[in-house]
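Read the structure below first, then the notes.
The values are calculated or read from the model by the stated rules, or taken from the named source; none is laboratory data. The structure displayed is predicted, hence computed values, not measured ones. All Cβ positions, glycine included, derive from the backbone under ideal geometry; neighbour counts span all protein chains shown. These area figures cover heavy atoms from the full protein model, side chains too; ligands, DNA and RNA do not enter into them. Shrake-Rupley method; radii C 1.70, N 1.55, O 1.52, S 1.80 Å.
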Amino acid sequence: MMIPWGGVGCCLSAAALYLLGRSSGRDAEVLRSVARAGSMKDLAAILDTASKVLPLVVAVSGRVGSDTPLICQQSGMRGVIVEETAEQHFLKHNDAGSWIQDSAVMLSVSKEVPWYLDDGTGRVYMVGARSAAGLILTVASEVFEESGRTLVRGTLDYLQGLKMLGVKRTERVLPTGISLTVVGEAIKDDVGTIRIQRPHKGPFYVSPKSIDQLIMNLGKWAKLYRLASMGFATFGAFLLAKRAIQHFLERKRRHELQKRVLNAAAQRQAREAEGSIGSSDTEPNSKKDQLVLDICVICLEQEYNAVFVPV
């Protein structure tokens, strides 16, 4: 039986979506259990009374600030994280001989300075925010610089099968003054500085959404994943059941056809035996012992003279 790869693929997709749904639902439950600090002052008090053995995962909100902010070269915006990329855009020949557009990254630079969240009652410094989930950098500027066209440059590019279009430069920044919600492990050093970092085991979010919005969003995705999993599982089971039924009917039809052939062969041999009484001692027995599979499966009487081979 041929393996119904479509049904198998749908069932595997359903399993993957189910696991994603469970993961999103588990993350939502973890966020619900996170301690919420109303202010940085409250967070300092919580850290003073918290256990020194178990990590404290909290959710705080405030505005981004830095003592030494970065300044974007193109837009002039101030930020604490700046990413600069440069992409070379060009046309190239494909195998069919036509021109298609493509691009390649020429430059990718990322800069970050020490920064904090401030809500007016205190500051909380961030450590390793680049690896946090939910971090979105604002596009500060996008500039496309066309390539200079000279006869020599154009000739060389054409011989290489390329046509240079230009360079696209993009700046993405986490600007100062923006409100963020951070979920992570809070620690306090001997000087009294509070930092939030990625916990050894637990959630780590840096997002412009509130904690309630994060929980609602994760719950929504968990529900969508579960519904999609049920849909793929149902369709995959339908494909598998359909192929199994087809295989069963095919075997049943083949069995019935073989039974008909054997019955027809027996009847033919019986007729030949009745018509050859008296001369059976002189005729060779090889014709009587002929294989029953030599009978045509259409008329069930004559010997077959053609075979249909499935492609």
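Within region 98-120, residues that are in contact (Cβ under 8 Å) with a residue 40 or more places away in the chain and over 19 Å from T68 (Cα atoms) have Cβ atoms under 6 Å from residues that are outside any strand (DSSP E or B) and open to solvent by 50 Å² or more (accessible area, probe 1.4 Å) in no pair, counting only partners at least 6 apart in sequence or on another chain.
The lone criterion from (1) within 30 Å of L162 (Cβ to Cβ); (2) surrounded by 12 or more Cβ atoms within 10 Å (Cβ to Cβ) left unmet by S61 is number (1).
Taken over region 31-58, the residue count meeting the criterion of being open to solvent by 50 Å² or more (accessible area, probe 1.4 Å), aliphatic (A, V, I, L, M), out of contact with any Leu (no Cβ under 9 Å at 6 or more places or on another chain) and part of a helix (DSSP H, G or I) is 1.
Restricting to region 64-93, count the residues that are outside any strand (DSSP E or B) and either open to solvent by less than 70 Å² (accessible area, probe 1.4 Å) or modelled with pLDDT of 90 or more (or both). Total satisfying the criteria: 8.
The strands (runs of 3 or more DSSP E) found wholly in region 157-242 include none carrying at least 3 residues that are at pLDDT 90 or above and open to solvent by 80 Å² or more (accessible area, probe 1.4 Å). If the condition is being within 16 Å of Y18 (Cβ to Cβ) and touching a Leu at 6+ places or on another chain (Cβ under 6 Å), then region 206-248 contributes Y225, A228, S229. Looking across region 94-147, just one residue is open to solvent by less than 60 Å² (accessible area, probe 1.4 Å), outside any strand (DSSP E or B), modelled with pLDDT of 90 or more and farther than 21 Å from P203 by Cα, and that is V113.
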